[in-house]
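Trainee: Can you keep this structure in mind? I'll have questions shortly.
The values are calculated or read from the model by the stated rules, or taken from the named source; none is laboratory data. As the structure is a prediction and not an experimental result, all values here were calculated from the model. Please note: Cβ atoms are built from the backbone with ideal geometry, for glycine as well, and neighbour counts cover all protein chains shown. Side chains included, ligands, DNA and RNA excluded: accessible areas come from the protein's heavy atoms. Shrake-Rupley method; radii C 1.70, N 1.55, O 1.52, S 1.80 Å.
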Number of protein chains: 2
Amino acid sequence: MPIPNENDPKSRVWPIFLATHSRLIERIDEALTRAKLPPLAWYDVLWELEKAPDQRLRMHDLAKRVVLSRSNLTRLADRLVAAGLLYREPCPDDRRGSYCVITQAGLETRKTMWPVYGEQIEGLFACHLNAAETEVLIKAMTRMLKAL
Amino acid sequence: MPIPNENDPKSRVWPIFLATHSRLIERIDEALTRAKLPPLAWYDVLWELEKAPDQRLRMHDLAKRVVLSRSNLTRLADRLVAAGLLYREPCPDDRRGSYCVITQAGLETRKTMWPVYGEQIEGLFACHLNAAETEVLIKAMTRMLKAL
DNA sequence: AGTATATAGTTGCATTTTCAACTACTTTAG
DNA sequence: CTAAAGTAGTTGAAAATGCAACTATATACT
C-alpha cells in the first residue's frame, strides 16, 4: 500500500506481502468454515498447548505465542473451555496465575483440523515455493523476528 | 503453527510467515498509535483512493483492493466520512452505487501518516531484505496471488 | 414488455476485539 | 515486617467485525 516508486522492488514488496497474507488467511478460514471446523485462531491455541510440556501453558505464555492481547486470550480461552477443548488449572507456584490445559477433545479437534488446514497451506502457499525460495523466506523472516 | 517435522523447512516456513506478519502489524500499529495517527486500515483506504483515477472508487472496488468484506467497508467508510477524510457521491451510471472520494483532509492525513508508516516498514521489514531476497519474495508471493 | 435473477450497498444482530479499570497475589526496598 | 510497585489474569463497556437479511437498481431471459 505504501507510496511512491511503484516500480522499485523495495517499495513493492511490502504491499505484496500484506495482500498475500490477508488473501491466504481469508481462503484458509473459508476452507475451515466449509468443513464446519473452528477458525484458525483455535488451531493455533490448541497446537501451542499440544506442543507444550505437560500440554499446558500459562495464559501469559500462550498469549505471547499466539500473538493475542491478554484480555483477548482470556475470552478465546473461555470459548475453548465452553467447547470442552481445554480447561484451566490453578498454578501451585503462583496463586495469581492459572494454566490452560488441552483436553482429549482438544487434541482430537486439532487433529481433525489439521488435514484441512494443512491442505490449504500446501495448496495455496507451500506449493508455490521451491526449496531455495523456502530457505530465503525462512532466513529473511527469522531475521526480522529476531530484531523485533 | 502447523504440525509435524518441525525441522523440515517446508513445514517451518508457514508458521514463521504468520508470526512475522502479526508481529510486524502489531509494531506498526503501535507506532501509529504513539504518533496519535489513525490505524493502518485507514492508510490503506486513503492510499487506494488517492491512487485511483479521479481519486474515487466504488465501494465494491475499494473493498476488493483493501481486502475487506463489503459490510465492513461500509462502516469503515462511515468512520472516515465522520472524520472528514472522504465523502460519498452517488454514481450517475448506476443508481445503486456510490463513489468514495478522498477529501483534501484525507490526502493530508495520508501524507502525515506516511513518514511514520514508511519508517516502520523500512526499519522492521525492508532493511532485512537484500535485493535478491526482495526479488524472491516478490516473485513467490505474486505467484501465490495469481493462483488465488 | 414482464418476470426472474444478479449486483451495489446498507443495516440489525450476534460475536469478537480492544481499552481501561480492577482484583488478587508476588516481589522489591526500606 | 511493611509499604510500594509490579505481574497475572479477568471483566465491563465501547468499538469493530462478520453474517444474514433487506432495499434498490440493473441485467438476462422468455
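Trainee: Send over the Kirkwood Rh of the protein assembly as shown, from the inverse of the averaged 1/r over different Cα pairs, rounded to one decimal Å.
Mentor: 21.0 Å
Trainee: I'd like the carbon and sulfur percentage of the solvent accessible area for the protein assembly as shown, probe radius 1.4 Å, heavy atoms only, ligands and nucleic acids excluded.
Mentor: The nonpolar share, carbon plus sulfur, comes to 52 percent.
Trainee: Another question, if that's okay. Taking the label point 7 Å from Cα in the Cβ direction, how far apart in nm is residue A:148 from each other copy of itself, listed shortest first?
Mentor: So the distances to the same position in the other copies read 2.0 nm.
Trainee: From the label point of residue A:97, set 7 Å from Cα along Cα→Cβ, how far away are the matching label points in the other copies, in nm, ordered shortest to longest?
Mentor: Label point to label point, same position, other copies: 5.5 nm.
Trainee: Just to confirm the number: angle between the C-alpha axis of helix B:40-51 and the first principal axis of chain B, 0 to 90 degrees, nearest 10?
Mentor: Taking Cα atoms only, the helix is inclined about 60 degrees.
Trainee: Sticking with this one: In degrees, nearest 10, range 0 to 90: what is the angle between the Cα axis of helix A:131-147 and the longest Cα principal axis of chain A?
Mentor: Approximately 60 degrees, to the nearest 10.
Trainee: Which distances, shortest first and in nm, link residue A:27 to the matching position in the other copies, using label points set 7 Å out along Cα to C-beta?
Mentor: Result, one decimal in nm: 2.7.
Trainee: One quarter of the convex hull surface, Cα atoms only: what value does that give for region A:38-147 in nm²?
Mentor: 8.4 nm²
Trainee: Still on this structure: Check residue B:99: other-chain or 5+ apart residues with amide H under 5 Å from its amide H, H built from backbone geometry?
Mentor: Long-range HN contacts for residue B:99: B:89, B:91.
Trainee: What accessible area, in Å² to the nearest ten, does a 1.4 Å probe give for residue B:71?
Mentor: It works out to around 70 Å².
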